[in-house]
Amino acid sequence: MKAVLRRTHGPTQEPAAEKQPKENPDNTISYEGLVLDLDRKECSVDGTDVPFTKIEFELLAMLLKSQGQVLSREKILSTVWPSDTIVLDRTVDVNITRIRKKIGRYGKMIRTKFGYGYMFEI
């Protein structure tokens, strides 16, 4: 909702606005030193390129785009995995664990909301 308001009324003067993940015109999403290039499908953490599988990249991009919103395992599964693939809910957990390790200090921003799902929280 904040993004829609920013587009229609310009940026708000929130004190934490500079800490929000930003989607830039060059099609990147960034939060501090965590940068996802959506066109090149690359991720860098504090200037170091980090290899991601397609699923891990899409999952991290989904979390960053939906920052502050809890995403259920079912929503993640239906959005990130192909519909013809059979996967279990725990597959999401395993991928989240891998992403947390790969993004280092930013891994703590991916919060588990027990009984609900996951979110990227600042």
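No lab work stands behind these numbers, since they all come straight from the coordinates. Given the structure is predicted, the values throughout are model-derived calculations rather than measurements. As a convention, Cβ positions derive from the backbone with ideal geometry for all residues, glycine included, and neighbour counts pool all protein chains shown.
The single condition among (1) part of a helix (DSSP H, G or I); (2) touching a helix residue (DSSP H, G or I) at 6+ places or on another chain (Cβ under 7 Å) that Ile122 does not meet is (1). Scanning region 31-85 for residues that are assigned to a loop (DSSP other than H, G, I, E, B) and either of a type in the set (Gly, Ala, Ser) or touching a strand residue (DSSP E or B) at 6+ places or on another chain (Cβ under 7 Å) (or both) yields Gly33, Leu38, Gly47, Phe52, Ser66, Gln67, Gly68, Gln69, Val70, Ser72, Ser83.
Among the residues of region 90-106, the ones that are touching a Leu at 6+ places or on another chain (Cβ under 8 Å), part of a helix (DSSP H, G or I) and among the β-branched types (Val, Ile, Thr) come to 4 in all.
Mind listing whichever residues of region 56-77 are of a type in the set (Lys, Arg) and touching a Gly at 6+ places or on another chain (Cβ under 8 Å)?
Arg73, Lys75
For (1) touching a residue at least 40 places away in the same chain (Cβ under 8 Å); (2) at positive phi; (3) buried (at least 16 other Cβ atoms within 10 Å of the Cβ); (4) of a type in the set (A, V, I, L, M, F, W, C), each residue gets a yes or a no:
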residue: Ser72; (1), (2), (3), (4): yes, no, no, no
residue: Leu77; (1), (2), (3), (4): no, no, yes, yes
residue: Trp81; (1), (2), (3), (4): no, no, yes, yes
residue: Arg90; (1), (2), (3), (4): no, no, no, no
residue: Asp93; (1), (2), (3), (4): no, no, no, no
residue: Thr97; (1), (2), (3), (4): no, no, no, no
residue: Lys102; (1), (2), (3), (4): yes, no, yes, no
residue: Tyr106; (1), (2), (3), (4): yes, no, yes, no
residue: Lys113; (1), (2), (3), (4): yes, no, no, no
